[in-house]
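Asker: Mind looking over this structure? Questions follow.
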Amino acid sequence: RDAHAVIDRFGYLQFDIVSVVGARSHAIVLMSRLPRATPAFGESLLRPGEPLFEYWGHEVSWMPLRLYPAFGWRRRRFRRHPWWGDVIGSHPRLAREILRRVRDDGPLKSSDLEGKSGPGWWDHKPAKNVAVALWSAGELAVRERRAFQRTFDLPERVIPDRWRDAPEPPLREALKVLLLHALEGHGWATTGTLARTWRLRLMRAEVDGAL
């Protein structure tokens, strides 16, 4: 509960692969505030049933589930991945197969998409990128992490119906929710800082309207 309160206060906990003095940076954020937290504690937080979800905040972050509806606009925009372009459209059969595999066989670890398990469709080099693109578009969700490895699953098995089926707010209202949440986390901030908190690039007019 204390860890959830810290994340809720900040607005998000940015997940980071960098390990310093025996712990990854997101764990250090918690360890510096929670006396009994350990380096492994951070990764244990993301589990189905916990009030967190993983998505693009400033970077990949764990955020309070109540923010899930406010990112509907980003899930639509990220159907075309901001780094790799239209990955899903470029590999439609692979995307369908990944979704079918998760639906029929259960959660899928990111290591299963590395193409190291021998011949077969898993050898497709873009498989992991397609899975990340499907997650970015909201067609998959991150169920948990272990040893810094994602496990992908269907959103309906990860995100509670209360938030997944909630009406998506209009863009201005969604940005208002995010900007006010960022302001609560910072205490005070410039408009630019609030926008950068959620990587609201090329959205000056929309941000000004929400503010």
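The values are calculated or read from the model by the stated rules, or taken from the named source; none is laboratory data. In this text the structure is predicted, and so the values were computed from the model without any measurement. In this analysis, Cβ positions are derived from the backbone assuming ideal geometry, glycine residues included, and neighbour counts consider all displayed protein chains. Quick note on the areas: whole protein, heavy atoms, side chains included, nothing else; ligands and nucleic acids left out. Shrake-Rupley method; radii C 1.70, N 1.55, O 1.52, S 1.80 Å.
Asker: Let a ≥ b ≥ c be the square roots of the eigenvalues of the Cα gyration tensor of the stretch 7-53; is it rounded (a/c under 1.5), or, if not, prolate (a/b larger than b/c) or oblate?
Answerer: Working: a/c = 1.56, a/b = 1.50, b/c = 1.04.
Prolate, because a/c is 1.5 or more and a/b exceeds b/c.
Asker: Given the whole protein assembly as supplied and a 1.4 Å probe, what does the accessible area of residue 78 come to in Å², nearest 10?
Answerer: 40
Asker: Related question: Within the stretch 33-114, list the trypsin sites (Lys or Arg not before Pro) lying in a DSSP loop whose Cβ has at most 10 other Cβ atoms in a 10 Å radius.
Answerer: Details: sites: 33, 36, 66, 74, 75, 76, 77, 79, 80, 93, 96, 100, 101, 103, 109; in loops: 33, 36, 79, 80.
Filter output for the stretch 33-114: 36.
Asker: Measuring from label point to label point, each 7 Å out along Cα→Cβ, what is the residue 83 to residue 40 span in nm?
Answerer: For residue 83 paired with residue 40, the spin-label model returns 2.8 nm.
Asker: Also, I was wondering about something else. Pick from 159, 17, 88: which is most flexible by mean-square fluctuation in a GNM of the chain where alpha carbon atoms under 10 Å apart are linked?
Answerer: 17
Asker: If I model a spin label at residue 59 and residue 171 as a point 7 Å from the Cα along the Cα→Cβ vector, what separation in nanometres do I get?
Answerer: Those two pseudo-labels are separated by 2.7 nm.
Asker: For 12, 55, write out the residues from largest to smallest accessible area, computed with a 1.4 angstrom probe and no ligands counted. Walk me through the numbers on the way to the answer.
Answerer: Numbers: 12 50, 55 5 Å².
Correct descending sequence by accessible area is 12, 55.
Asker: If you filter the stretch 145-203 for trypsin sites (Lys or Arg not before Pro), then keep DSSP loop positions with at most 15 other Cβ within 10 Å, what is left?
Answerer: Numbers: sites: 145, 146, 150, 157, 162, 164, 172, 176, 196, 199, 201; in loops: 199, 201.
Of the trypsin sites (Lys or Arg not before Pro), the ones in loops of the stretch 145-203 whose Cβ has at most 15 other Cβ atoms within 10 Å are 199, 201.
Asker: For the chain, give the magnitude of the charge dipole about the Cα centre (Cβ charges: +1 Lys/Arg, -1 Asp/Glu; no others), in debye to the nearest 20.
Answerer: That gives a dipole near 240 debye.
Asker: At residue 191 and residue 204, where each label point lies 7 Å from the Cα along Cα→Cβ, what is the point-to-point distance in nanometres?
Answerer: 0.9
Asker: For the stretch 91-211, how big is the tail of P(r) above 27 Å, as a whole percent of Cα pairs? Intermediate values should be presented prior to the final figure.
Answerer: On the way: 2800 of 7260 pairs.
Tail of the P(r) past 27 Å holds 39 percent of the pairs.
Asker: So what's Rg/Rh here for the stretch 1-140, counting alpha carbon atoms and using the Kirkwood radius for Rh?
Answerer: Reported Rg/Rh (Cα atoms, Kirkwood Rh): 1.01.
Asker: Counting helices only, and only those DSSP H runs with n ≥ 4, report the 222 nm mean residue ellipticity of the chain as the sum of -39,500 (n - 2.57) divided by its residues, in deg cm²/dmol to the nearest 500.
Answerer: On the way: 11 runs with 88 residues, N = 211.
That calculation yields -11000 deg cm²/dmol at 222 nm.
Asker: May I ask you to evaluate 6.51 cos²θ - 1.76 cosθ + 1.60, the Karplus curve with θ = phi - 60°, for each residue of the stretch 2-11 and list the ³J(HN,Hα) values in order in whole Hz, giving x for glycine and proline?
Answerer: Running phi through 6.51 cos²θ - 1.76 cosθ + 1.60 with θ = phi - 60° gives 5, 5, 4, 5, 4, 5, 5, 5, 6, x Hz.
Asker: I need the phi-derived Karplus couplings for the stretch 178-191: 6.51 cos²θ - 1.76 cosθ + 1.60, θ = phi - 60°, integer Hz, Gly and Pro marked x.
Answerer: Values, residue by residue: 5, 5, 5, 5, 5, 5, 4, x, 7, x, 8, 5, 6, 4 Hz.
Asker: Give me a comma-separated list of calculated 3J(HN,Hα) values for the stretch 160-168, in order, Karplus coefficients 6.51, -1.76, 1.60 applied at θ = phi - 60°, integers in Hz, x for any Gly or Pro.
Answerer: Calculated HN-Hα couplings, in order: x, 3, 3, 9, 5, 9, 5, x, 6 Hz.
Asker: While we're here: List the relative contact order of the chain as a percent without decimals, with contacts defined as Cα pairs under 8 Å and 6+ residues apart. Working shown, then result.
Answerer: Working: 294 pairs, mean separation 47.2, N = 211.
Across the chain, relative contact order equals 22 percent.
Asker: Using amide H atoms built in the peptide plane, which far-off residues or other-chain residues are under 5 Å from residue 109 H to H?
Answerer: Close amide H contacts, sequence-distant or interchain: 152.
Asker: Placing +1 at every Lys and Arg Cβ and -1 at every Asp and Glu Cβ, with all other atoms neutral, what dipole size does the stretch 1-63 have around its Cα centre, in debye to the nearest 20? Spell out each step's value before the answer.
Answerer: Working: 6 positive and 7 negative charges, 48 e Å.
For the stretch 1-63, the charge dipole is close to 240 debye.
Asker: Let me ask something additional. In Å, what Kirkwood hydrodynamic radius results for the stretch 23-88 from the alpha-carbon pair distances?
Answerer: On the way: mean 1/r = 0.0726 Å⁻¹.
For the stretch 23-88, the Kirkwood estimate is 13.8 Å.
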